[in-house]
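Okay, structure first, notes after.
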Amino acid sequence: MNFYPSDELPKNPSIPATTVIPVLPYPDVREAVEWLTRVFGFSERLQIADHRSQMNVGGGAIIVAEYIDRDRRPQPGADYVCHQTMVRVPDVQAHYEFVLSCGAKVLSEPTDHVYGERQYAVQDLGGHRWIFSQTLADSDPGEWGDEHVKLLIP
């Protein structure tokens, strides 16, 4: 089953316009953004308060996020998630049902989010966390109702 068409993904400024998006946690997101900009030449495209940022990397993107553990506590510890990889798909429900039928360990069921994405999380056989995301709407980050969200690069 081909879940990854080669044609263009739906437009949504709330998510980077690429298929695979690593989510990398750091103890201090703002410090990491500054370092990645200064040292690697990445550019910040979306800032969400001081706990999350989306960065452009050439034709790709990464998400810089605060450390989280399985209970969503923002500090590093023995049970924190060291990275996640987000993959955009055109039909998250079909993808979820297929993955579930294969016996994968589902961490969260498909959920619609205010930022215009439907997402679920799964763990692979190596313990890696994957988030699969479907664009539902062209969501303007300024309309999320959070004054801490800044779209820096459209």
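Since every read-out is calculated from the coordinates, none of them should be taken as a lab result. Here the structure is a predicted model, which means the values were calculated and not measured.
Shape call for segment 88-139 from the C-alpha gyration tensor, a ≥ b ≥ c root eigenvalues: rounded (a/c under 1.5), prolate (a/b greater than b/c) or oblate? Prolate, because a/c is 1.5 or more and a/b exceeds b/c.
Sequentially through segment 94-103, phi angles give Karplus couplings (6.51, -1.76, 1.60; θ = phi - 60°) of 5, 4, 4, 5, 5, 4, 4, 5, 8, x Hz, Gly and Pro residues having no value and appearing as x. 3J(HN,Hα) couplings calculated from phi for segment 107-114 with the Karplus curve 6.51 cos²θ - 1.76 cosθ + 1.60 (θ = phi - 60°) are, in sequence order, 9, 8, 7, x, 9, 7, 10, 4 Hz; Gly and Pro show x. Once backbone amide H atoms are built at 1.01 Å from N, Y115 has no partners under 5 Å, excluding neighbours fewer than 5 places away on the same chain.
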